[in-house]
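Take a look at the structure below.
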């Protein structure tokens with residue numbers, strides 16, 4: 001798809017913006033990590049029961065929930081936990 005690193009950087013700068021996280025995001029992400037792990041363990045879905053929410057996934061959930069954004073993902077763990085707390089997931 002990309003022919004060089006410069007093409008990748010140009011693409012990323014054109015279509016993506018880096019998010020700035022604040023201390024409240026980090027605190028909320030750690031709380032969601034603990035809650036998300038419990039949600040996954042209590043799932044009836046055998047694929048989820050023995051999984052844990054990654055710190056990246058919990059940070060995404062914290063970030064979007066404070067800003068009222070939907071999440072676009074195909075990640076099963078992230079989708080399950082996000083929907084369990086009432087967030088909109090697209091995909």
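Exactly one condition in (1) surrounded by 12 or more Cβ atoms within 10 Å (Cβ to Cβ); (2) part of a loop (DSSP other than H, G, I, E, B); (3) at pLDDT 95 or above is not met by residue 80; state its number. The failed condition is (2).
Here residue 40 passes the criteria (1) exposed (fewer than 13 other Cβ atoms within 10 Å of the Cβ); (2) modelled with pLDDT of 95 or more except the one numbered (1). Against the definition (surrounded by 13 or more Cβ atoms within 10 Å (Cβ to Cβ), assigned to a loop (DSSP other than H, G, I, E, B) and in contact (Cβ under 8 Å) with a residue 24 or more places away in the chain), how does residue 58 come out, yes or no? No, not satisfied. Looking at the stretch 82-91, which of its residues are within 14 Å of residue 59 (Cβ to Cβ) and either under 9 Å from the mean Cα position of the chain (by Cα) or free of Cβ contacts under 8 Å to residues at least 12 places away in the same chain (or both)? Answer for the stretch 82-91, where residues must be within 14 Å of residue 59 (Cβ to Cβ) and either under 9 Å from the mean Cα position of the chain (by Cα) or free of Cβ contacts under 8 Å to residues at least 12 places away in the same chain (or both): just 82. Would you call residue 48 part of a helix (DSSP H, G or I), closer than 12 Å to residue 81 by Cβ and touching a helix residue (DSSP H, G or I) at 6+ places or on another chain (Cβ under 6 Å)? Answer is yes for this residue. Of everything listed in (1) assigned to a helix (DSSP H, G or I); (2) over 16 Å from the mean Cα position of the chain (by Cα); (3) surrounded by 11 or more Cβ atoms within 10 Å (Cβ to Cβ), the single unmet condition for residue 14 is (3).
Quick check on residue 37: is it in a helix (DSSP H, G or I) and free of Cβ contacts under 8 Å to residues at least 24 places away in the same chain? Yes.
The values are calculated or read from the model by the stated rules, or taken from the named source; none is laboratory data. Everything numeric here is computed off the predicted structure, so don't read it as measured data. Backbone-built Cβ (ideal geometry, glycine too); neighbour counts: all protein chains shown.
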